[in-house]
Amino acid sequence: GSGLYFTILLRPHLDTRFLPLITLMAGVAVCDTLREFGLSPDIKWVNDLLIDEKKICGILAETTDTPLGLAVALGIGINIRRTNFPPELADTVTSIEDAAGSGSSVPSPEQLTHVLINYLRHFYDVLASPDGPETIRNEWRTRSSFHRGKSVRVALDGETFTGVTDGIEENGALRVALADGSVKIVQAGDVQQLRAS
């Protein structure tokens with residue numbers, strides 16, 4: 001009962017350039033699920049959900065070819081209770097139990113699963129619709145403070161740089177505006193918020 005951790009296999013009928021939007025779609029579904037339980041999450045690009053700047057959920061999508069065609073393994077982990085947190089993570093992770101506060105009811109994994117699967121089904125259908133990619137990008141933007149104006153440090157492929165988030169590309173890649181006025185497109189990498197000094 002300390003968390004909900006699972007992988008679901010998807011067989012999307014999407015243009016391959018939009019496959020990265022599955023992670024954004026899942027973030028929107030988890031965000032709305034947590035809101036159902038009275039929480040106020042923020043989606044950190046690309047695959048984490050935060051509450052009060054602490055991680056409550058991680059998402060990982062991996063594609064693979066199978067005899068039946070392309071498949072996406074979508075993994076989602078949501079912390080429900082703090083029981084399994086090692087002490088060194090206390091400052092960076094949280095749980096529904098912590099975020100809800102004392103006296104609040106905490107959902108069981110079964111309750112959380114029921115709500116989450118309904119949101120996943122809904123937003124997966126949205127993504128597969130004719131205007132789905134644009135709709136999912138817009139839904140993600142309204143739920144993420146990382147969409148625009150967030151000072152970040154990005155580490156990828158042996159390179160590290162800082163800048164300010166400047167929206168997302170058609171495929172969900174993050175745009176980061178640099179001090180020299182140029183924009184870097186981040187397809188994958190570790191993005192950390194910079195704290196104001």
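Values computed for the structure shown
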| read-out | value |
| --- | --- |
| Residues of region 41-69 classified as touching a Gly at 6+ places or on another chain (Cβ under 7 Å) and farther than 20 Å from Asp190 by Cβ, total | 0 |
| Matching residues, region 123-150, being touching a residue at least 24 places away in the same chain (Cβ under 8 Å), out of contact with any strand residue (DSSP E or B) (no Cβ under 8 Å at 6 or more places or on another chain) and closer than 18 Å to Trp45 by Cβ | Phe123, Leu127, Pro133, Ile136, Glu139 |
| Of the criteria (1) in contact with a Pro (Cβ under 9 Å, 6 or more places away or on another chain); (2) closer than 30 Å to Leu19 by Cβ, which one Val126 fails | (1) |
| Qualifying positions in region 45-100 - among the polar types (S, T, N, Q) and surrounded by fewer than 17 Cβ atoms within 10 Å (Cβ to Cβ) | Thr63, Thr64, Thr66, Thr83, Asn84, Thr92 |
| Residue within region 102-119 that is farther than 22 Å from Ile56 by Cβ and either aromatic (Phe, Trp, Tyr) or surrounded by fewer than 16 Cβ atoms within 10 Å (Cβ to Cβ) (or both) present | no |
| Unmet requirement for Ile185, which otherwise passes all of (1) outside any loop (DSSP other than H, G, I, E, B); (2) farther than 21 Å from Arg17 by Cβ | (2) |
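Where a number appears in this text, it was derived from the coordinates with a stated rule and is not lab data. Please read these numbers as outputs of a predicted model, since none were measured by experiment. For neighbour counting, all protein chains shown are included, and Cβ atoms are generated from backbone atoms with ideal geometry for every residue, glycine included.
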